[in-house]
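I have placed the structure first, in the form of structure tokens, so that the comments after it can refer back to it.
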Amino acid sequence: MSSVSGGGYAAAGVLAASNDKGAEVDSVTRAERVLAELNRDDNGYIKISALTILVMLSLWGISMLLSLSWLLLLVGQSGPLVMEMFPIHHAIDRYVPGVGCLGFLLVVIYQLVASRVRKRASPDGQVWFFLAMIFGAIQMADLAGHLSIGHSPRALYWLTCVVAGLIWLFVGIALSLRPSHPSIVRLHGRAGYAFGFAFILSAGLIMQAFMRDLTHHAIAEGLNLLYFASLLIVLFAMVTNPNWLCLPAKIYYEGLRRKFGGGTDQAIHKVHGYERAPIHLINCFSQSPVARDDEKKQRRGGENFCVSRRYCGSASSGYFPTKEWYVGNKRKSWKHQFIWRLVATSGAAVDIHPVRQSPLRNSLLTVFNMGLGAWVINPAFNPERRTWRPSFFLNSMAALNVHNNRTKWMRLSDGGHFENLGIYELVARECMDIVVVDAGHDPNYEFSDLAYAIDRCREDFEAVIDVPNLFPRETQNRIQEVNLTGTIRYKGKTELGKITYIKLGVEKWHSLPLRLRSSIDRHFPHEPTTNQFPTRDFINAYYRLGVETASRALPVVISEQASVDVAVA
């Protein structure tokens, strides 16, 4: 059994080769084939041209319009309310915006007082509060337009613009903070309301500025155009699959399929392989920031989602046969479970994370559709009600951080967002002999990936992992060993499991070219993952480092009969 989490491309290459007809294919042969393919040129496995960049920028702009379509529709609907299209003849017309703003302030005060008294605002109260924010923004923009008529300079109008700018400043600062404390999470909620208020207010002020000198007929035509354009954008958002417009994810997937998969791909449930072939586990992160009935899931932002050729699912949703994880109630489609598409999703480090990243970063990634994750059908959802595609409204929900993994469509991203080494699912199966290759970016040898894995396993399975003689390098005066052996104590078992931990590093027993490699490449052996364009020498150095380290850690060749579980990161 092997587990692929994040960048386990070589292990996934074995998976792709295990379905070859004829003789059995071992990992060494497949690794050499992948190495030869990577050495064909110095462009790495990702191809990008100037035309690709232009297309990508265009798709980001289109994605932004589709993701914000509901806000644009709201602006189109409220446009006539913030425009002064007719002369003021009646005194009551002068006071309607002011009365509206006063009503908005009363609702805000009531909501704040009620939340203090009840300690928590009710859901209905939050909805009314949000509607009051929108109404207040419309009335404030209308009031600025009413009272600035005939005044020069338009002091109230520019004062309102300054207020909108200050609100935007507050929203930007608040949403750029990582949700590392409950008070910051509450601040994010208030900043969300302020964002809606500022967006509508700013839209009203912009319309006031652009249409002030136009005739009533021209204003009416402009508002009609805005209204119908917003309706059209909403329609496109309803029928457009955000996975289609995510060009970075497609480039990533095609590069992996071409270089590591030999240019072929297939659904993982169709991989049968030879007798006693390893069962590969591909780990993704199932995002679920809204999980009020599951404290652990909400605190972590989601949970691990595991896929093998037999079963797929998560702890909360349950596990289902992978061959039944399809889309469509008439014609079955398995594109989302193609091997290299899954591996690309498992390695989607550039994607939203509800807990470890700020809401501002998450919103930008989802609004512009720049994340490498994917929307996939929930295997727990009724097969008879599965539609063909997700919509851009899912991106809108993700930007607001209100999506979860119990709906029809769920967001999968990098398995490292939950646990980067692939140990979690192996411990869940109580494997007794686990080999972990930790190739994560860790130049200071802090072992954060291992620390996350140990905490997750102890908290969820009460399994205690111990690796003696392992310390962060900063607490040691000597070079940290890269090959270590530890134990796993499972709940209810007297026999201890064994864990062999192999850390990416260079020691004195490595060959001289590897010991000198850092003088050529200062990042070696911890190149940041931002470098997706490795050279031939770069690839060969890391391949040789893996061969030498693994040969020392596992001097005895593992036969078919050996019961060994491998976790690759």
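Please treat every number below as a calculation from the coordinates, not as lab data. Note that this is a predicted model, so its numbers are computed, not measured. Reconstructed Cβ throughout: ideal geometry from the backbone, glycine too, with neighbour counts over all protein chains shown.
Given R₀ = 35 Å, what would the calculated FRET efficiency be for residue 519 paired with residue 470, taking r from the Cβ atoms and rounding to 0.05?
Numbers: r = 28 Å, r/R0 = 0.79.
Approximately 0.80, to the nearest 0.05.
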Which residues qualify? For residue 435, with a placed amide H closer than 5 Å and at least 5 residues away or on another chain, they are 500, 565, 566, 567
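Which FRET efficiency value, to the nearest 0.05, is calculated for residue 52 and residue 494 with the Förster distance at 41 angstrom and r the Cβ-Cβ distance?
Values: r = 58 Å, r/R0 = 1.41.
Computed FRET efficiency for residue 52 and residue 494 comes out at 0.10.
In nm, what is the difference between 0.36 nm times the number of residues separating residue 206 and residue 220 and their Cα-Cα distance? All intermediate terms of the calculation are to be shown ahead of the outcome.
Values: separation 14, 0.36 × 14 = 5.04 nm, distance 1.56 nm.
Contour length minus the Cα-Cα distance gives 3.5 nm.
Which of 430, 527 has the fewest other C-beta atoms within 10 Å, and how do the rest follow up to the most?
430, 527
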Restricting to lysines and to Cα separations under 19 Å from residue 270, and discarding same-chain partners fewer than 8 apart, the set is 21, 323, 332, 335
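With a 10 Å Cβ neighbour count serving as the proxy for reagent exposure, in which order, fewest first, do 455, 213 appear?
By the 10 Å Cβ count, ascending: 213, 455.
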Residue span residue 433 to residue 166: 0.36 nm per residue of separation minus Cα-Cα distance leaves a gain in nm of 90.3 nm
The long-range amide H neighbours of residue 281, using H built 1.01 Å from N in the peptide plane and a cut-off of under 5 Å, are 2, 3, 4
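What's the FRET efficiency of residue 407 with residue 507 using the Cβ-Cβ distance as r and R₀ = 56 Å, to the nearest 0.05?
On the way: r = 49 Å, r/R0 = 0.87.
The formula returns an efficiency of 0.70 here.
Provide the packing ranking of 545-551, 352-358, 177-183, i.e. peptides ordered by the mean count of other C-beta atoms within 10 Å per residue, highest first. Write out the running numbers ahead of the final one.
On the way: 545-551: 16.6, 352-358: 20.1, 177-183: 12.9.
Packing order, densest peptide first, comes out as 352-358, 545-551, 177-183.
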Most exposed to least, judged by fewest other Cβ atoms within 10 Å, 446, 295 sort to 295, 446
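From the square roots a ≥ b ≥ c of the eigenvalues of the alpha-carbon gyration tensor of the stretch 294-437, which class results: rounded (a/c under 1.5), prolate (a/b over b/c), or oblate? Walk me through the numbers before you get to the answer.
Details: a/c = 1.64, a/b = 1.07, b/c = 1.54.
Cα axes put the stretch 294-437 in the oblate bin.
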Residue span residue 183 to residue 241: 0.36 nm per residue of separation minus Cα-Cα distance leaves a gain in nm of 17.3 nm
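Compute the relative contact order of the stretch 396-490 as a whole-number percentage, counting only Cα pairs closer than 8 Å that sit 6 or more residues apart in sequence.
Numbers: 78 pairs, mean separation 21.9, N = 95.
Once divided by the residue count of the stretch 396-490, the mean separation gives 23 percent.
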